[in-house]
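Quick notes on the structure that follows.
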Amino acid sequence: MSATATTQHIYLDKQHPAVWRALNGLGLKVREAADAAGIDRKTIELLNVRISQINGCAYCLHMHVRDAMEAGESHQRLAVLPAWRETALFTDKERAALALAECITELPDHRTTELEEGYARQHLSADEFSAVSWLVITMNAFNRVSITSHHPVRRDR
């Protein structure tokens with residue numbers, strides 16, 4: 001059975017490559033802001049994985065779990081990441097970044113947002129808070145592009 005025009009996936013990045021390049025450019029600027037704020041690559045990838053878990057983006061999970069491992073993240077911490085609040089494996093700063101990432105991704109009620117942002121502000125400087133926020137916003141955009149495009153995850157060789 002062949003795909004018809006109404007069932008064939010449209011890769012947004014291929015359909016509008018200039019928009020895709022602009023999103024990638026934003027991603028590079030956000031990475032620069034994170035670097036300038038002192039957020040290390042391991043933490044960035046930890047956040048990318050957690051956001052992608054929440055959004056259910058298989059393509060981004062595949063990519064960022066690999067990137068996290070290359071940055072020195074442990075299998076143990078990645079395995080318990082969905083339950084990070086239940087472990088003592090994460091630093092206060094990582095916990096604050098994860099709480100902020102979940103809050104921005106899930107957009108909970110106003111009271112929960114205030115509590116999570118307050119917790120994050122206790123452990124993150126203004127630069128760190130802003131950089132983490134931009135990381136989360138951008139990763140959410142990448143997740144949505146990959147999910148909408150149905151980017152495939154190919155088997156590792």
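At-a-glance table
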| quantity | calculated |
| --- | --- |
| Criterion: aliphatic (A, V, I, L, M) and on the phi > 0 side of the Ramachandran plot - qualifying residue of 124, 135, 115, 107 | 107 |
| Residue tally, condition closer than 23 Å to residue 150 by Cα and either hydrophobic (A, V, I, L, M, F, W, C) or more than 16 Å from the chain's Cα centre (by Cα) (or both), over the stretch 57-83 | 7 |
| Failed condition for residue 36, given (1) surrounded by 12 or more Cβ atoms within 10 Å (Cβ to Cβ); (2) small (Gly, Ala, Ser); (3) under 20 Å from residue 128 (Cα atoms) | (1) |
| Selected residue [in a helix (DSSP H, G or I), open to solvent by 90 Å² or more (accessible area, probe 1.4 Å), at pLDDT 95 or above and touching a helix residue (DSSP H, G or I) at 6+ places or on another chain (Cβ under 8 Å)] from 65, 30, 19, 49 | 19 |
| Test: residue in the stretch 150-157 that is in contact (Cβ under 8 Å) with a residue 12 or more places away in the chain, open to solvent by 40 Å² or more (accessible area, probe 1.4 Å) and either part of a helix (DSSP H, G or I) or under 16 Å from residue 44 (Cβ atoms) (or both) | no |
| Neighbours by Cβ (under 8 Å, 6+ apart or cross-chain): first from the stretch 26-48, within 15 Å of residue 139 (Cβ to Cβ); second surrounded by 13 or more Cβ atoms within 10 Å (Cβ to Cβ) and among the basic types (Lys, Arg) | 43/93; 44/31; 46/77 |
| Breaking point among (1) under 18 Å from the mean Cα position of the chain (by Cα); (2) farther than 17 Å from residue 27 by Cα, for residue 131 | (2) |
| Hits in the stretch 117-148 (condition: in a helix (DSSP H, G or I), more than 19 Å from residue 49 (Cα to Cα) and open to solvent by less than 40 Å² (accessible area, probe 1.4 Å)) | 118 |
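The values are calculated or read from the model by the stated rules, or taken from the named source; none is laboratory data. These figures come from a predicted structure and were not determined experimentally. Every residue, glycine as well, gets a Cβ built from its backbone with ideal geometry; the counts of neighbours run over all protein chains shown. Note: accessible area is taken over every heavy atom of the protein model, side chains too, but ligands, DNA and RNA are not part of it. Shrake-Rupley method; radii C 1.70, N 1.55, O 1.52, S 1.80 Å.
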